[in-house]
Amino acid sequence: MELNFVVDARHHGKGKIVYAWHPSGQFVATTGTSRVVHIFNCNGQVVDQIVLPSASICTALQWDRYGDVLAILQASSQIVVLWQMKTREMRHLDTNYKDLTFMRWAPSGDLLALGTAKGALLIYNQKTGKKKEASGRHKKRIVCGDWNEDDTLAYASEDRQITICRADGETIDQVKVKCRPQSVSFGGKQNAQGSIVSVNMEGRTILLYNLLEKDNALELAFQARYGNIVSYRWFGDGYIMAGFSSGFVVVISTHMHEIGREQYCAKFHDDQLRDIAHCPVTNRVACCGDKCVKLIDMDDWKEISAHVLEKEASTLDSLAWADDGKILSVSSRSGCLYTFVIRSGNDDQLAGRLNPHSVVCTSAGCMELRMWLWWLYESPRAARAAHAQRRRAVQPPTTTDPRPPGGERASATACARDGRAGGGAGGAAAHGRVLAPRCGTRRPASRAAGHVRGGVVAFVCSRTACPGAGRDHYAAVCGFLRGFCVCAADGDVG
C-alpha cells in the first residue's frame, strides 16, 4: 500500500468531504465545504471543476453504472446536477422538492432514486426523462436506501419504516422497525443474491428481512464490548462483516445452521474504528481508525499492510475502493483525501522472479504507465544471437536474417507478441534487441501517449533517445495485466 496523492483542504475547505470513484478507476470526484466539485485523474491531477448552482454544500456524489453521468446532490436544493463525462456539460434536474436527502443510482444505470425531507421518494428515468413518485410515503425524511440487481429498491425513513418497491414505484412491502435505520443494503446467499434486506438499527443490531420468507425476520445482536456498529458489508455466500466503534471487526453468517456463532473476530484499532470497505475483486478489506489505514487479507484475516497518517489523529472518516481493487481512498474531517495504490500478491511474486535489471511497469486498469522501472542493458549482438538460437529451436536452419521482415518496428512487435516465450521480460529479451545503449546513458523510457490496457508494452528507443548508440535499440516493458500494445519512443501507439 503506497500513498499515491493527497488532495488537501485547499480544494475542499475544512470539514467533511464527499467523494466517488469513477467505475473505470481513472477518475475521482470530490467536494467539500468549498461547494465546488473537482474531477481528478488517478494521478491526482485536476481534470475539471464543476461550480454548483446553489450556495449550499454538496451532500452526495454518485456515478451511474457506466460512468457517463455524475449525479450531484446539494442540501436545501430542489435541483439535482447531472454532469456529463464525455461533453463535460451540466444538466439540471428539477424535482420540485426543496430539500433532497437521499440519492442512489440503480444497477441498470437508468434509474435514479431521490428521497426528500417530507418522506416522498422520486424515481427518475434518465433514458425517458420521466419522473415518478413512489406510492409508499413516509412521515419523515428519507435517510438511506439501496437497489438490488433486479431494480428493486429498499429505502428507510426517520419514522422507523422500511419500504420495498419496484422500479415503477409500486410498493411491494412496508416494514415497521423499532430503531432509527442508519443504513440499508441488499445481500443474500449465492443462489439468492439480493433477496435479503439488511438494516443497521441505530448501531445496535442488524435486521435481516428476507423477501422470500417475510415471516422469518431475524435480528442479529452483538457483544456489548464491541461498541456500536459503524459499518457492515455483505460478502461471499451469505456472510456479513461488521466494523465496531471500539476497533473490532466481526464476521457472521446468515446461514440458519450458523446463526448466533461468530465466524471471526479481531481488534484492529486500539481506540476507535471509523469505517470498513470490502473489495470483492481482491478479497481484501480495508479499515480506518485512530490515525492509520489498515489492509487485511480475507484468506487468512491477517493484516498485510498499514499506513499511519500522523496529521489525521481521530479525524479519519470514510473509505472507498475503486472497482478494480487497485486504488483505495480515505477521507478525513480536516478536508483531505488520501489515495493509495494497492499492489496485489501477483505483482509481488512477478517482481520477485524478474531480473533486477528488467524493465517493469504496472498500471491500475486503463491508466498511464507508472510505478517502478528496472533497466535492462544487453548487447545487441547477444540479443540477436539469443533470437537466432530460439528460431533454430523451432524451425529448420536458415541462412536468412533471423529478424522478422519490417525492420525495427516489426522486431518490437514480435517481441511484444511472443512474450509467452519466457514469461514477461524473459520472452521480450529472447525475441528482440532489448535496450542496449553502448553510450551507457540512462534515459527513462518515454511515457505512452495513449492508455494502456496492461500486458506487454514495447517501447522503440531510437538514436535520439540514446545518442551514443550505434543502431536503434529497444526497451521492453512488461505489465501485469492483459493484452499488449507497441509504442514508439515518442509515446505514439504503434
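Normalised by 2.2 N^0.38 Å, where N is the number of residues, the C-alpha radius of gyration of region 254-346 stands at 1.15.
Relative to the 2.2 N^0.38 Å rule of thumb, region 174-245 has a C-alpha radius of gyration ratio of 1.07. Ratio of Rg to Rh for region 1-54: 0.96 [Cα atoms; Kirkwood radius as inverse mean 1/r over pairs]. Rounded to the nearest whole Hz, the Karplus-based 3J(HN,Hα) values (6.51 cos²θ - 1.76 cosθ + 1.60, θ = phi - 60°) of region 77-92 follow the sequence 10, 9, 9, 9, 8, 10, 9, 8, 5, 6, 8, 6, 10, 9, 10, 9, with x at glycine and proline. Length available on full extension from Q190 to K14: 0.36 nm per residue minus the Cα-Cα distance, which gives 59.1 nm. Scaling against 2.2 N^0.38 Å puts the C-alpha radius of gyration of region 60-140 at 1.04. Carbon and sulfur together cover what percent of the accessible area of region 59-112 at a 1.4 Å probe radius? Carbon and sulfur together cover 44 percent of it.
In this structure, the amide hydrogen of D173, modeled 1.01 Å from its nitrogen in the peptide plane, lies closer than 5 angstrom to those of I164, counting only residues at least 5 positions away or on a different chain. Here, P(r) means the percent of Cα pairs in each 5 Å bin from 0 to the largest distance; for region 101-223 it is 2, 12, 23, 25, 20, 12, 5, 2, 0, 0.
Evaluating 6.51 cos²θ - 1.76 cosθ + 1.60 at θ = phi - 60° for every residue in region 186-199, the Karplus couplings come out as 9, x, x, 7, 4, 7, 8, 5, x, 8, 10, 8, 10, 9 Hz, glycine and proline recorded as x. Residues whose amide H lies under 5 Å from that of S54, counting only those 5 or more places away or on a different chain, are absent; hydrogens are built 1.01 Å from N in the peptide plane.
Where does the charge balance sit around G109 when Lys and Arg score +1, Asp and Glu -1, over other residues with C-beta under 11 Å from its C-beta? Around G109, the surrounding residues sum to -2. Residue by residue, region 315-331 carries 3J(HN,Hα) couplings of 10, 4, 10, 9, 10, 8, 8, 6, 4, 7, x, 9, 10, 10, 10, 9, 9 Hz when phi is fed to the Karplus relation 6.51 cos²θ - 1.76 cosθ + 1.60 (θ = phi - 60°); x denotes Gly or Pro.
Pairs of lysines in region 106-214 whose Cα atoms sit within less than 22 Å of one another amount to 17, provided the residues are eight or more positions apart or on different chains.
For region 1-128, taking the reciprocal of the average inverse distance between every pair of different Cα atoms yields a Kirkwood hydrodynamic radius of 15.0 Å. Taking amide hydrogens as placed 1.01 Å from N in the peptide plane, the amide H of A266 sits under 5 Å from those of V249, each at least 5 positions away in sequence or on another chain.
The values are calculated or read from the model by the stated rules, or taken from the named source; none is laboratory data. This structure is a prediction, so every number in the text was calculated from the model and none was measured. Counting neighbours? That spans all protein chains shown, and the Cβs are built from the backbone with ideal geometry, glycine included. Ligands, DNA and RNA are excluded from the accessible area calculation, which covers all protein heavy atoms including side chains. Shrake-Rupley method; radii C 1.70, N 1.55, O 1.52, S 1.80 Å.
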